[in-house]
Amino acid sequence: MSAVHALALPLALLATACLPVVVAALICADELLDHLGRRIARRRQQRRERRLLNRFDRAFEVDPHGRIDPTELDRVDGPTIQQLAADLRRLADQRWYAADRSGPEQQTLLEAYDDRLRLASQRLGVPEHLGELTGVDREIERVRVEGELEAAGLVLRTPHAGPRRPAG
C-alpha cells in the first residue's frame, strides 16, 4: 500500500502539470485539423490544375516549358514585336504627359495603348481581357497585362528613372 501512495503523489503532480497542455491541445485540435484539411484540398486543386494544363498542352501541342520560338513572333502580319514594344514605351510616356490634355485626347491615347497591349499579348500568348472591362477594372487589367508582358521578356519601361521631361 505504501508503494501505491508513493506513486500516487508524483502521478498527481504530473497530471496537474500536464492538464493545461491537454486542454490547449483539445482547444487547438480543430484548428490543426482545419489547417490540415485546407492544405490537402489546396494540393488536390493544384494537381487537378496541372492535369488540366497538361491536357490542354497535349491538345494544342504547346511547348511544355512555355518557350516561344522567337522566329514565330515576327511571322505574323503587322508590326514586329520590337516595334510593338517601342510603341508601348512611347505611348506610356505620352500617357504620363496627357494629364493636362482634354478627356477625348486622353481616351484616344489610352485606346491606342490598349490596342498595342492586345497585339503584344497575342504575339506572346499572354491572355488579356482589356476589351471586356471598364473603369478601374480595366486599369487593373492593364497593369496585369503589362506585368505579364514584361515577364515574357518585353521591355515596356524606358531605362531612365521616370518619364522624360521635354527640353526647355
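Scanning the range 112-152 for residues that are part of a loop (DSSP other than H, G, I, E, B) and in contact (Cβ under 8 Å) with a residue 24 or more places away in the chain, we see that the one that is surrounded by the fewest Cβ atoms within 10 Å (Cβ to Cβ) is Gly125.
The single condition among (1) modelled with pLDDT under 80; (2) open to solvent by 80 Å² or more (accessible area, probe 1.4 Å) that Ala98 does not meet is (2).
The values are calculated or read from the model by the stated rules, or taken from the named source; none is laboratory data. Computed from a prediction, not measured in an experiment: that's the story for all the values here. Cβ coordinates were reconstructed from backbone atoms using ideal geometry, including for glycine residues, and neighbour counts include every protein chain displayed. What goes into the accessible areas is simple: the full protein's heavy atoms, side chains included, and nothing from ligands, DNA or RNA. Shrake-Rupley method; radii C 1.70, N 1.55, O 1.52, S 1.80 Å.
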